[in-house]
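The values are calculated or read from the model by the stated rules, or taken from the named source; none is laboratory data. Keep in mind that this is a model prediction, so the values were computed, not measured. Cβ atoms come from the backbone with ideal geometry, glycine included; neighbour counts cover every protein chain shown. The area values use the complete protein model at the heavy-atom level, side chains included, leaving out ligands, DNA and RNA. Shrake-Rupley method; radii C 1.70, N 1.55, O 1.52, S 1.80 Å.
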Amino acid sequence: MNQHIATETPTDNGWLMMVRHTAVDQKLKGVCYGASDVELSPEGLAHVDRLADELAANSPSIIFHSGLSRSRRLAEAVAGRLGLKPRVDPRIAEFNFGEWELRRWSEIFIAGHDIARLINEPDSFSAPAGETVFAMRDRVLGWFNSLSTESRILAVSHGGPISTLRGVLVDVPAKNWPTLVPAYGESICFALQE
């Protein structure tokens, strides 16, 4: 497994900077959208341009995104400033809520689903046709462990995968991973070592 040191800014050695996509459309407030491909808000689109300049200043050598449009837009904007081609890797896509996708959270609760089971039973509980928290963890760690420790990597991803990786790397229990979700456009940097 790659070793890591959490840092606030990239180091001279290999590093991974994971950034959460910018804000989604306001009409999605209260909606479970997880792995669904939803659009950014007008504010989120404007934030892409400002944030792309900041992220490009770190000179990443490799740029990843999840394939969902909300992460692709920022990755392509950064890559365009650096003359790079972003790589798609669905292992860093958002958590798949299965049949709960695009339903209001209140409807899910009213239907009698115990959403707390996702974090209380991360190894076994999933929404119908969704994934478990540990299934997401395993795919994110598979991606992380495939990274070169020599590279300067920017990955535009989502709250679930970023908080999961942070939680695993600093040994936080899965039930507390939701507290590690970064804000829209926020980045977390890790130094990579053999």
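Set side by side, the residues Ser59, Ser36, Ser41 differ, and just one is touching a Leu at 6+ places or on another chain (Cβ under 9 Å) and open to solvent by 30 Å² or more (accessible area, probe 1.4 Å), which is Ser59. Asp49 meets all of the listed conditions (1) in a helix (DSSP H, G or I); (2) farther than 25 Å from Ser106 by Cα; (3) at pLDDT 95 or above but one, namely (3).
Looking at Asn176, Asn96, which one is of a type outside the set (Gly, Ala, Ser), in contact (Cβ under 8 Å) with a residue 40 or more places away in the chain and surrounded by fewer than 21 Cβ atoms within 10 Å (Cβ to Cβ)? Of Asn176, Asn96, the one residue that is of a type outside the set (Gly, Ala, Ser), in contact (Cβ under 8 Å) with a residue 40 or more places away in the chain and surrounded by fewer than 21 Cβ atoms within 10 Å (Cβ to Cβ) is Asn96. Here is the figure for the range 107-143: residues that are among the small types (Gly, Ala, Ser), surrounded by fewer than 17 Cβ atoms within 10 Å (Cβ to Cβ) and modelled with pLDDT of 95 or more total 4. Ser146 meets each of the listed conditions (1) open to solvent by 30 Å² or more (accessible area, probe 1.4 Å); (2) in contact (Cβ under 8 Å) with a residue 24 or more places away in the chain; (3) under 18 Å from Gly14 (Cβ atoms) apart from (2).
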